[in-house]
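A short reminder: the numbers here are calculations on the coordinates, not readings from a lab. Treat the numbers as computed from the prediction; the structure is a model and nothing was measured. Every residue, glycine as well, gets a Cβ built from its backbone with ideal geometry; the counts of neighbours run over all protein chains shown.
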């Protein structure tokens, strides 16, 4: 059976996820290659905007476009020899735009202004998630708007006090988080986070976190990853040396309930993975992953948790 192609917003998120992971591991690709990815992601978001029916689509598209614009600015900055922006934890130096004006004739300023505009447009698309204010803070920091960046990172920390990257930028800009006033706002959607750690050298691991509104899709993603390692002729006794996985189930509170712990409910499928002559398999009944979630995360919607972006799964092969 031919698999159903992903919805346009989900396909756009997958493209951006692959590019972001590549940038984190290897640095920005050649500018023409990056431009092709950004152009295709924009086309997909435009297509999603024309597609009828999904009431969550406008928010998903706005958040996706904000992330796209910020990633485009970062790719431009990484290609500049004078930029300090190599990852989101360090981010750009305050007012890199000034040096860009001198060195590159201000070629990056329109990208930064577009990133700030897109983030402002999406600012309230998901008021419990810190991704968009974090994007806004990085864009304004690059532009030299220290006060605006500080306010944006402050909002990101208000939404998620555990966002250590937003906290670091806030402190760098002379800001402090507000004293806690109860729990952070509860998220609106339920989702399963799948954290995969993959060995890339003898001493280094790459970590990818994807978010699924469908538990069935999360199971499929883990099964597909395991198939890869079976094909590489790795037995279940050595699987943990090359591949590790954990799950977290996040569920918004019901009416009258307090906001749940943002860490979610952790599930470990590792003890339930078995290998045979036909491949690896997971005893999912023993793992305890629910069959379905109420108010699931919309397809293609990224989330930010604990100082990192969790991509809308799956990250499709490219």
In degrees from 0 to 90, rounded to the nearest 10, what is the angle of the helix 8-26 Cα long axis to the longest principal axis of the chain? 80
For the chain: relative contact order, % (alpha-carbon pairs under 8 angstrom, 6 or more apart): 19
Using 0.36 nm times the number of residues separating residue 113 and residue 89, minus their current alpha carbon distance, what extension gain do you get? 6.6 nm
Label of the coordinate-derived value, Kirkwood radius over Cα pairs in Å, listed as [x] 21.7; [y] 23.2; [z] 20.6: [z]
Taking the chain as the reference, fit the longest principal axis to its C-alpha atoms, fit the long axis of helix 215-231 to the helix C-alpha atoms, and give the angle between the two in degrees, 0 to 90, nearest 10. 80
Expressed as a whole number of Å, what is the distance separating the alpha-carbon centroids of the stretch 143-215 and the stretch 43-120? 18
Helix-only CD estimate at 222 nm, as mean residue ellipticity for the chain, using -39500 (n - 2.57) per DSSP H run (n ≥ 4): -14000 deg cm²/dmol
Two-site label geometry, residue 274 and residue 244: point separation in nm, points 7 Å out along Cα→Cβ: 2.5
Tell me the label-point distance for the pair residue 292, residue 42, using the 7 Å Cα-to-Cβ offset, in nm and rounded to one decimal. 4.0
For the stretch 110-253, averaging the sequence separation of alpha carbon pairs under 8 Å that lie six or more residues apart and dividing by its residue count, the contact order in percent is 19
Starting from the Cα gyration tensor of the stretch 8-134, multiply each eigenvalue by 5, take the square root, and state the resulting semi-axes largest first in whole Å. 26, 16, 13
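Which semi-axes, in whole Å and largest first, does the equivalent ellipsoid of the stretch 88-233 have when worked out from the alpha carbon gyration tensor as the square roots of 5 times its eigenvalues? Mind showing how you got there, number by number?
Values: eigenvalues 216, 98, 45 Å².
Output for the stretch 88-233: semi-axes of 33, 22, 15 Å.
Given the Cα-Cα distance of residue 207 and residue 82 and 0.36 nm per residue of separation, how much length would full extension add, in nm?
Contour length minus Cα-Cα distance gives 42.2 nm.
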Cα-based helix-to-principal-axis angle, 31-50 vs the chain, degrees rounded to 10: 80
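Given the stretch 114-193, report the % of alpha carbon pairs whose separation exceeds 22 Å. Walk me through the numbers on the way to the answer.
Details: 678 of 3160 pairs.
In whole percent, the share of Cα-Cα pairs in the stretch 114-193 beyond 22 Å is 21.
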What ranking, highest mean first, results for peptides 91-97, 122-128, 68-74 when packing means the other Cβ atoms within 10 Å averaged over each residue? 68-74, 91-97, 122-128
Of all DSSP beta bridges having both residues in the chain, the percent classed as antiparallel (nearest 5) is 90
Would you kindly state how much longer the chain becomes between residue 147 and residue 50 on full extension, computed as 0.36 nm times their sequence separation minus their alpha carbon distance, in nm to one decimal? 31.2 nm
What's the ranking of 282-292, 218-228, 146-156 by average number of surrounding C-beta atoms within 10 Å, highest first? 146-156, 218-228, 282-292
Set the Förster radius R0 to 35 Å, insert the Cβ-Cβ distance between residue 266 and residue 99 as r into 1/(1 + (r/R0)^6), and round the FRET efficiency to 0.05. 0.20
